[in-house]
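Working notes, structure below.
The values are calculated or read from the model by the stated rules, or taken from the named source; none is laboratory data. Values in this document were obtained by computation on a predicted structure and should not be read as measured data. Here Cβ is always computed from backbone atoms with ideal geometry, including for glycine, and neighbour counts include all displayed protein chains.
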Amino acid sequence: MGRLKRRRYNVILGTVDDVLASRSRLLARYQDERYAADYREFVNGLRSRPELRQLEDGDHFVREVALTLGRLMAYKDEYEVARLYTDPKFMQRVREQFSGDFRMTFHLAPPLLPGREPSGRPRKRAFGRWILSLFRLLAALKRLRGTPFDPFGYTAERRMERRLIEDYRALIGGIVQRLDQANLPAAIELARAATDIGGYGPVKRASVSAYELRLKRLLEAFEAAHQQQFRVA
């Protein structure tokens, strides 16, 4: 895959509603409105839980879930890279930085082509501007994502990314049932821990392994805080 840097926007996401609106727009562009609606349904279902309504700063927990789930659901795959490169805003930014008859070269590591770097990642290759035509076709096929017809969906990395989404939903669904004022800070840390996952190939696998190790420690802290309130009482 190509590395496409995220552009920083000055967007204030101070409330759950702010995050829901922002990430819903992103996910609708990423996949479709149904995908965005599934995201909103999970977060809104969470914020209506009686356990959270009774807690001071319970919205902070919901906001972290909304941010983290939105990030996990928008994992950077081949369709998303194609969509971002063919977005008119990309070419607009390029023309703002360069003038005249410039040449564009894309350094990509398509996972379906043979060859590996010493690190184990797919070997990078240089492609000319013609690749944008292929990107436009690929971007139009984004609804294949996650279906049996998705040629990229069978790779280990894509399966891992889909598993992370389901595991995260299960994690949040499990801890919210044991949530109280004492373990709320630990729950907030659990909710945002997956934001440390990043990169591609071996880098991403290493970050997932680190996240899963940290998750075990955070769950222990969550349970310890829950038990502590009974010992104090």
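Observations on the model:
- The set of residues in region 46-81 that are free of Cβ contacts under 8 Å to residues at least 60 places away in the same chain and charged (D, E, K, R) comprises Arg47, Arg53, Asp59, Arg63.
- Looking across region 194-204, the residues that are within 14 Å of the chain's Cα centre (by Cα), assigned to a helix (DSSP H, G or I) and surrounded by 15 or more Cβ atoms within 10 Å (Cβ to Cβ) come down to Ala194, Lys204.
- Filter pass, Thr147 being touching a residue at least 24 places away in the same chain (Cβ under 8 Å), under 16 Å from Tyr79 (Cβ atoms) and of a type in the set (Ser, Thr, Tyr): no
- Considering (1) at pLDDT below 90; (2) in contact with a helix residue (DSSP H, G or I) (Cβ under 9 Å, 6 or more places away or on another chain); (3) surrounded by fewer than 16 Cβ atoms within 10 Å (Cβ to Cβ), the lone condition that Leu144 does not fulfil carries the number (1).
- So Ala74, is it more than 30 Å from Arg129 (Cα to Cα), surrounded by 11 or more Cβ atoms within 10 Å (Cβ to Cβ) and among the aliphatic types (A, V, I, L, M): no
- Within the option set Ala186, Ala210, being part of a helix (DSSP H, G or I), over 23 Å from Tyr75 (Cβ atoms), without any contact (Cβ under 8 Å) to a residue 40 or more places away in the chain and in contact with an Asp or Glu (Cβ under 9 Å, 6 or more places away or on another chain) holds for one residue only, Ala186.
- Selected residue (criterion: farthest from Tyr168 (Cα to Cα)) from residues of region 178-191 that are charged (D, E, K, R) and modelled with pLDDT under 95: Asp180
- Across region 66-123, the qualifying residues are those that are charged (D, E, K, R) and at pLDDT below 80, and the one among them that is farthest from Glu161 (Cα to Cα) is Asp101.
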